[in-house]
Amino acid sequence: MLPEIPPYLLAGLRRIKFFVCDVDGVLTDATVIMGEGFEAKPFHIRDGFGLRLLQSADIRVGWISARPSTATTERANDLKIDFVRQSTKPKVGLIEELLAQTGVAWPEVLYMGDDVVDLGAMKRAGVAVAPADAIPEVRAAAHYVCRLAGGRGAVREIVDLLLRAQGKWEPLIAKFSE
C-alpha cells in the first residue's frame, strides 16, 4: 500500500513535467559487478515499468550519472529513456542543458538522488526525493524520503505518488484492467 501523499508535497508533484534521477544507488542498489571486461548492475523491474508509465503519461524521464557505464546505457535503451547523461561534469550543468533543450524549468523537475553529487540538483528541483538508504545529508535535503531503498522499488514508490497527484493513476489502472 502506498503512503498517503503529504499535503505539503501535493502542489509540487502536480507541477512536475520532468522526472530526473541518478542511477547508481537510486535505480540500482549501488552494486556493480565487474570482471574481465564484464559489468552488471541490478535494476528493479517495477522501477523500470514505473518510468515507462511516466512516459505514457507525458512526463519526460532523464538519467544523470557521474559514472559512465555500459550497463546503464543498455538499461536506458531497453526502457527508451528520453535523456541519458553519463559524465563526470557537475549534474546541475547537465540538467540545465536538458532544461534548455526541453523548455522545462527547475520548479517542474522532480530530482531523485542518494549521494553528495546529487545535492546541487536536489536544492534546485521543484521536488527533491531520496531513497530510504540515501546518505543523511541527501535525506535532509529531500522534500520526500521513500520508504523503500535504492534499487528496491524507491523509484516506483515516488512514480506512483506522482501519477496519483496528477490524476493520472486511475486512468492507467482502468487501461490495464480492460
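Worth pointing out:
- Extension gain for I173 to S87 (0.36 nm times residue separation, less C-alpha to C-alpha distance): 27.3 nm.
- Karplus-derived 3J(HN,Hα) values for the range 82-88, using 6.51 cos²θ - 1.76 cosθ + 1.60 with θ = phi - 60°, are 4, 9, 10, 10, 10, 7, 7 Hz; glycine and proline are entered as x.
- The residues packed around R85, meaning those with a beta-carbon under 12 Å from its beta-carbon, carry a net charge of -1 if Lys and Arg are +1 and Asp and Glu are -1.
- Those residues of the range 31-52 whose amide nitrogen sits under 18 Å from the label point placed on K80, 7 Å along Cα→Cβ: 46-52
- Rounded to whole Hz, the Karplus (6.51, -1.76, 1.60) HN-Hα couplings of the range 127-138, x for glycine and proline: 9, 10, 10, 10, x, 4, 9, 5, 5, x, 5, 6
- Per-peptide packing, taken as the mean over residues of other Cβ atoms within 10 Å, places 148-157, 64-73 in the sequence 148-157, 64-73 from highest down.
- Sorting 167-176, 110-119, 131-140, 80-89 by their mean Cβ neighbour count within 10 Å, with the most densely packed peptide first, gives 110-119, 131-140, 80-89, 167-176.
- Counting only the Cα atoms, the chain fills a convex hull of 113 Å³ per residue.
- Taking Cβ atoms as reference points and 14 Å as the exclusive limit, the residues near R14 contribute a net charge of +2, counting Lys and Arg as +1 and Asp and Glu as -1.
- Karplus 3J(HN,Hα) series, Hz, for the range 34-44 with 6.51 cos²θ - 1.76 cosθ + 1.60 (x for Gly, Pro): 9, x, 6, x, 10, 9, 9, 9, x, 9, 7
- Across the range 117-165, the relative contact order, built from alpha-carbon pairs under 8 Å that are at least six residues apart, equals 30 percent.
- At an R0 of 25 angstrom, the distance between the Cβ atoms of R15 and A100 translates into a FRET efficiency of 0.85.
- Over the range 7-177, relative contact order from alpha-carbon pairs under 8 Å, at least 6 apart, %: 27
- Dipole axis of the chain (+1 Lys, Arg; -1 Asp, Glu on Cβ), positive-most option in T70, L98, G12: G12
- Per-residue extension of 0.36 nm, minus the Cα-Cα distance of K123 and R46, leaves a gain of 25.0 nm for this segment.
- Lys pairs under 28 Å by Cα in the chain, provided they are eight or more residues apart or on distinct chains: 19
- Maximal additional length on extending the A132-T73 stretch stands at 18.7 nm, based on 0.36 nm per residue less the C-alpha distance.
No lab work stands behind these numbers, since they all come straight from the coordinates. Quick caveat, the model's predicted, so the values are computed rather than measured. When we count neighbours, we look across all protein chains shown, and the Cβ atoms used for this are built from the backbone with ideal geometry, even at glycine.
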